[in-house]
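I have placed the structure first, in the form of structure tokens, so that the comments after it can refer back to it.
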Amino acid sequence: MAKNVEIKDHNTLFQSEEYMKSAEKKMEFEAPCSLEEVEDTAAYLKTEEYKEKNFAREALTINPAKACQPLGAVLAALGFEKTLPFVHGSQGCVAYFRSHFARHFKEPVPTVSTSMTEDAAVFGGLRNLIEGLENAVSLYKPDMVAVSTTCMAEVIGDDLQAFIETARNEGAISKSFPVPFANTPSFVGSHIVGYDSMMKSILSYLNGREGDGEKMAAEAAEKINVIPGFEPYTGNIREAKRILDLMDVRYTILGDHSDMLDSPANGEYRTYYGGTKLSDAAYASRGKGTIALQKYSTRKTAKYIEENWGHPFIAGPIPIGIRNTDALLMRISELTGKPIPQSLKDERGRVVDAMTDSHPYLQGKRVAMAGDPDLLLGLISLSLELGIEPVHILCTNGDKEFEEEAQRLLAESPYGLDGKVYVGKDLWHLRSLLLTDPVDFAIGSTFLKFAAKDANIPLVRVGFPIFDRHHMHRYPIIGYQGTLNLLSLMVNMVLERLDEEAPGHSFDVVR
Amino acid sequence: MRRQVLEALEEPACEHSTNENLKVCARPKPGQASGGCSFDGAQIALLPIADAAHLVHGPLGCSGNSWEGRGSLSSGPHLYQYGLTTDLKESEIIFGGEKKLREAIGEIMERFSPPAVFVYSTCVTALIGDDLEAICREETRKWGVPVIPVNSPGFVGSKNLGTRLAGETLFQYVIGTSDPPETTPYDINLIGEYNIAGEMWEIKELLDKVGIRILSRITGDGRFQEIRWAHHAKVNMVVCSRALINLARKMEEHYQIPYFEGSFYGAGETGSSLRKIAGLLKDRELERRVEELIQEEEKKLHRDLLQYRPVLKGKKVVLYTGGVKSWSVISALQELGMEVVAVGTNKSTQEDIARIKERVGADTELIDEGGSGSILKAVRSKKADMMIAGGRNMYVALKEKIPFLEINQERHTAYAGYTGLKRLAKHIAHTLSHPVWQLAHKKAPWCEGWADDR
């Protein structure tokens, strides 16, 4: 390209003299207090007194760290072949979900809404649902439609079962067209509960549905099932499949959105890519057993499988870190009778080698982390293996059981002694913690960047959503490879910081 | 609330209301991908008031999913960036959210002492019947700070309608409640300019050069106080989104402030907007300064654009964007020597469409159906070189290896004014000539005929 035309931008705009002057003038009505007062307030925010006041806050949530149920339900639906997520409620919710996933995965996300309006609020959403199903099936030609609800449909009490039945009777959809559904109000739980509800609904709906095909049943009997859980990393699903392939195990991933949300630029956009075959899901119950990689995002699904499928079921811990990955491999091995191959043993050795290489730089680093329960348990476990001290662990959508499990995990290592677990708290609470009891860095989603910046610490982006960095979700964070990825993210961030802060005399080349 | 919604729907300055045959404001079809809701529209219109607290009264999702979703920038306070919500749980759905809302307002007052609190209703709080107006009235009295109800739950309709309801809110509760320390004969308001990616700052720089003062920014980089005295302006310019036209119309009726709709996309539109402001301010000397500025800027622009012209000349574009941008960006692209071969009119009003037709030839396709399929069809049939659209369509285009430029609210680049046009030229040129398209279109070396591929 030719030479650049000089174009001013707003990063530098406010440094010009004219703007500095007008800013001084504006101070009069924008912030009627002196710079001293600003500094005093900033200092006050770092006190224990403010922290206590902040933690006494009850009615107001500031900077939320969770998403709502139907968002999770949409992700679960996207994991099945030619399945259209269909949200019953007012239209805005779906527009948000599509933006959220598009910004995180950098992919188009087909999801539709019944676009309920005031009439529906008064008379119920029956007509919207029927018309919506008919339109969606003819427009997007799915093999299955997975219906979830929003707050609105829940508050007015729409009966999905009856509505879908009416839609069949009226001929809007055929008698046999699969329409699993889940009730997913935002005022209960979070995205992981919505994911769980939809996963359970899809599995129980499809179970045995294709009739008793002897061939399918025999094939299924050779397989194990793996449920990823609410999984914002397409790389994790691919990594799980790679491990299973290396172990020469036959498997069905229940809810595989890795191709759907990481499709190639081949020159022709399709609405659907990959996904778990509906027939595979229908025979999953005949398999040797089921492993859920996450526990807290698959509770209802777990209960359903344990009660109905009559085969071994194991959930969690998420295979992040060496110990958790070891546990997963042994479980797969026990279920299938397949030995752990040399290739994976070598991989483990190489990651342990990498950990020894980096250990002096991570030893004793204090971190804060926020995210979903399963992810946090994995990150705590890895931190303790690396000699990193998890100090503040914040889980908005965690419960008592998670809190206890996390505390037990922390108590197992001297590096966990300072660790405290906060459930139901938001990112403004975390900010208080970062200011009163500083740490070296934070781990969490993009939304943590505000608190991290205020505390002047780096943020290692892990979890959901990550809007402001590219391709993070394509790299696994589970298994030995994923552990290596997390390790290098963290240690290189520490080294980067060292270089940034090094005075001239200690700015050197070898680390 | 019903009255307000009906009134907003029947806005006389919007021609949909007067012609029953126009379906543009029609509600979306169930079972299709659709745009944002009224809550979304109201929030994005008011949120750029940067020093106010914006409290979402509802379950967590409404706030969590919309938190920091738009790039409206502030040159000062950042309270608007906080995700504030009452985060209602099941028990409050059953017993009502009033108590929690009052407490939340109290916590905001004590913690942040904002000049005002906007309280947004959501589907849930509207359905359970929390009396937002009464609560806000009492809390206003209690704290001596305006607590303003924004009655625009998602289910009342589209994003556009929500923006209009936000305009109603400003008119009813904010504008006319205070007076500026000083007025000048050159005071104007910018309405519907949200300072996405800092566009307002560039507009301000131009206005500064000729001595036009922005009295109130409604609402990009806005402050609560300045919007209160917006009724002292001499002219209102509606920059984007006809949805706020109701506000301009009401201000004309009540305060005799003339208004016009204009745009800052492209040199032609920018020049004509500046001329209109000067004309409405009825100042000969100002008009002369404006002419001078336009001459000077256009000369500079012409020189700066020279290097991009060879790349841009004759290139075919499919434009798919909402509202005012559907026509104003056409002019900008044409000034760059490009040909707009198809335009999305899905979210355009009849007037927008009329303006589109004024600007393009008979061969240009108007795409009125939403959805990626129809956009892609237009790109193929018109053999377009690139697509300019919003974020949700971006990744569809990239799957099809179509050069793409993002122009909606998620963009991080300001395209308004003369500087913006240069930036647009540069970015389009870079997009078109990026080596990735050669790579993407070339077959892999093991494929038959890969050497003759383009």
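Once you keep just the Cα pairs under 8 angstrom separated by 6 or more residues, what percentage relative contact order results for segment A:231-336? Intermediate results must be reported in sequence, preceding the final value.
On the way: 92 pairs, mean separation 20.7, N = 106.
Here the relative contact order equals 20 percent.
For segment A:209-277, give the percent of accessible area contributed by carbon and sulfur heavy atoms, probe 1.4 Å, rounded to a whole number.
Values: 1230 of 2700 Å².
Here it works out to 45 percent.
Can you tell me the dipole magnitude for chain B around its Cα centre, using point charges on the Cβ only (Lys, Arg +1; Asp, Glu -1), in Debye to the nearest 20?
The dipole magnitude comes to about 1220 debye.
Give the A-B buried accessible area in Å², both sides summed, 1.4 Å probe, nearest 100.
7300 Å²
From the phi angles alone, apply the Karplus equation (6.51, -1.76, 1.60; θ = phi - 60°) to segment A:135-140 and give each ³J(HN,Hα) in whole Hz, x where the residue is Gly or Pro.
Along segment A:135-140, the couplings run 5, 4, 5, 6, 7, 10 Hz.
So how tilted is helix A:160-169 from the main axis of chain A? Cα-based, degrees 0 to 90, rounded to 10.
Approximately 40 degrees, to the nearest ten.
Rounded to the nearest 0.05, what FRET efficiency is calculated for residue A:55 and residue B:4 with R0 set to 30 Å and r the Cβ-Cβ distance?
E(calc), rounded to 0.05, equals 0.15.
Segment A:95-110: which residues show an accessible-area loss of 50 Å² or more, assembly versus chain alone, 1.4 Å probe?
A:96, A:98, A:103, A:108
Rank by packing, highest mean first: peptides A:262-275, A:304-317, A:452-465, B:58-71, with packing defined as the count of other Cβ atoms within 10 Å averaged across residues. Write out the running numbers ahead of the final one.
Values: A:262-275: 15.6, A:304-317: 17.5, A:452-465: 19.4, B:58-71: 24.7.
The densest-packed peptide leads the list: B:58-71, A:452-465, A:304-317, A:262-275.
Between residue A:292 and residues 5 or more places away or on another chain, which pairs have amide H atoms under 5 Å apart, with H built 1.01 Å from N, and which residues are they?
Sorted by chain and number, the residues that satisfy this are A:227, A:314, A:315, A:316.
Could you give the nm distance between label points at residue A:11 and residue A:175, where each point is 7 Å from its Cα heading toward the beta carbon?
6.5 nm
In peptide B:64-74, how many Cβ atoms from other protein chains are near each Cβ within 10 Å, on average? Could the numbers behind the result be given before it?
Numbers: counts 16, 13, 5, 4, 7, 5, 0, 0, 0, 1, 1.
Shielding by partners across B:64-74 averages 5.
Could you go through segment B:149-154 in sequence order and give the Karplus-derived ³J(HN,Hα) for each residue, using 6.51 cos²θ - 1.76 cosθ + 1.60 with θ = phi - 60°, rounded to whole Hz, and x for Gly and Pro?
Calculated HN-Hα couplings, in order: x, 10, 8, 8, x, x Hz.
How large is the Kirkwood hydrodynamic radius of chain B, counting all unique pairs of alpha carbons, in Å? List each step's numbers first, then the result.
Values: mean 1/r = 0.0429 Å⁻¹.
In chain B this quantity evaluates to 23.3 Å.
Would you please give the FRET efficiency between residue B:137 and residue A:500, computed as 1/(1 + (r/R0)^6) with r the Cβ-Cβ distance and R0 = 41 Å, to the nearest 0.05?
On the way: r = 52 Å, r/R0 = 1.27.
Result of the calculation: an efficiency of 0.20.
Work out which residues of segment B:269-307 lose at minimum 30 square angstrom of accessible surface when the other protein chains are put back, relative to the chain isolated, with a 1.4 angstrom probe, and list them by number.
Output list: B:307.
At a 1.4 Å probe, what is the % contribution of carbon and sulfur to the accessible area of segment B:134-193?
On the way: 1000 of 2070 Å².
Carbon with sulfur: 48 percent of the solvent-accessible area.
Could you work out the relative contact order of segment A:2-131? I mean the mean sequence separation of Cα pairs under 8 Å and 6+ apart, divided by the number of residues, in percent. Mind dumping the intermediate values first?
Numbers: 68 pairs, mean separation 18.6, N = 130.
The normalised contact order for segment A:2-131 reaches 14 percent.
For q = 0.06, 0.08 Å⁻¹, what log10 I(q)/I(0) does the protein assembly as shown give under the Debye formula with an equal point scatterer on each alpha carbon and no solvent?
-0.44, -0.81
Provide the net charge surrounding residue B:107, with neighbours chosen by a C-beta distance below 9 Å and charges set as Lys +1, Arg +1, Asp -1, Glu -1.
Within the 9 Å Cβ shell, the charges total -1.
Between residue B:256 and residue A:241, what is the spin-label point distance in nm, taking each point 7 Å from the Cα along the Cα→C-beta axis?
Placing both labels 7 Å beyond Cα along the Cβ direction yields 7.2 nm.
Give me Rg/Rg_expected for chain A, where Rg uses Cα atoms only and Rg_expected = 2.2 N^0.38 Å with N residues. Please list the in-between numbers first.
Values: Rg = 25.1 Å, N = 511, 2.2 N^0.38 = 23.5 Å.
Against the compact-globule rule of thumb, the ratio is 1.07.
Hey, how many Å between the Cα centroid of segment A:318-392 and the Cα centroid of segment B:52-77?
Using only Cα atoms, the two centres lie 37 Å from each other.
Of all DSSP beta bridges in the protein assembly as shown, what percent run antiparallel (nearest 5)? Intermediate results must be reported in sequence, preceding the final value.
On the way: 5 of 80 bridges.
Looking only at bridges with both residues in the protein assembly as shown, the antiparallel portion is about 5 percent.
Once both labels are modelled 7 Å past Cα along the beta-carbon direction, what's the residue B:183-residue A:359 spacing in nm?
7.6 nm
Among B:207, B:104, B:49, which residue has its Cα positioned farthest towards the positive end of the charge dipole of chain B, with +1 placed on the Cβ of Lys and Arg, -1 on the Cβ of Asp and Glu, and the dipole taken about the Cα centre?
Working it through, the farthest residue towards the positive pole turns out to be B:207.
Please give the FRET efficiency for residue B:381 paired with residue A:161, using the beta carbon to beta carbon distance and R0 = 41 Å, rounded to the nearest 0.05. Before the final figure, lay out the partial values.
Details: r = 44 Å, r/R0 = 1.08.
The value I calculate is 0.40.
Of A:47, B:330, B:312, which is farthest along the charge dipole of the protein assembly as shown in the positive direction, counting Lys and Arg as +1 and Asp and Glu as -1 at C-beta?
Sorting the options by dipole projection puts first B:312.
Name the residue farthest towards the positive end of the dipole of the protein assembly as shown from the options A:114, B:174, B:80, assuming +1 on Cβ of Lys and Arg, -1 on Cβ of Asp and Glu, about the Cα centre.
A:114
With +1 on each Lys and Arg Cβ and -1 on each Asp and Glu Cβ, and nothing else charged, work out how big the dipole of the protein assembly as shown is about its Cα centre, in Debye to the nearest 20. Don't jump to the answer; show the numbers that get you there.
Working: 112 positive and 131 negative charges, 449 e Å.
About 2160 debye.
Output needed: percent of Cα pairs per 5 Å distance bin for segment A:111-254, bins running from 0 to the one holding the longest distance.
Calculated over all Cα pairs of segment A:111-254, the distribution is 2, 8, 14, 17, 17, 15, 11, 8, 5, 2, 1, 0 percent.
Explain nothing, just compute: Karplus ³J(HN,Hα) = 6.51 cos²θ - 1.76 cosθ + 1.60, θ = phi - 60°, for every residue of segment A:260-271 in order, whole Hz, x for Gly and Pro.
So the J values, rounded to whole Hz, are 4, 10, 7, 8, x, 7, 9, x, 9, 6, 10, 6.
About its Cα centre, how strong a charge dipole does segment A:51-174 have in debye, to the nearest 20, once Lys and Arg get +1 and Asp and Glu get -1 at the Cβ?
Values: 11 positive and 14 negative charges, 152 e Å.
The calculation lands at about 720 debye.
Using the heavy atoms of the protein chains and a 1.4 angstrom probe, tell me the accessible area per residue for the protein assembly as shown in square angstrom.
On the way: 38200 Å² over 965 residues.
Spelled out: the 1.4 Å probe surface of the protein assembly as shown, per residue, equals 40 Å².
Would you calculate a helix-derived [θ] at 222 nm for chain B, using -39,500 (n - 2.57) for each DSSP H run of n ≥ 4 and dividing by the full residue count, to the nearest 500?
Only helices count here, giving -13500 deg cm²/dmol.
Name the residues whose placed amide hydrogens come within less than 5 Å of the amide hydrogen of residue A:252, ignoring near sequence neighbours (fewer than 5 apart) on the same chain.
A:224, A:225, A:226
Please work out the Cα center distance from segment B:369-397 to segment B:296-338, rounded to the nearest Å.
Cα centroid to Cα centroid, the span is 19 Å.
Rounded to the nearest 500, what is chain A's calculated 222 nm mean residue ellipticity when only DSSP H runs of at least 4 contribute -39500 (n - 2.57) each, over all residues? If you can, show how the numbers build up before the last one.
Numbers: 22 runs with 251 residues, N = 511.
When only DSSP H runs of four or more count, the value is -15000 deg cm²/dmol.
The values are calculated or read from the model by the stated rules, or taken from the named source; none is laboratory data. Model, not experiment: these values are computed from the prediction. We place every Cβ from the backbone using ideal geometry, glycine too, and count neighbours over all the protein chains shown. Accessible surface is based on the protein model in full, side chains and every heavy atom, while ligands, DNA and RNA are left aside. Shrake-Rupley method; radii C 1.70, N 1.55, O 1.52, S 1.80 Å.
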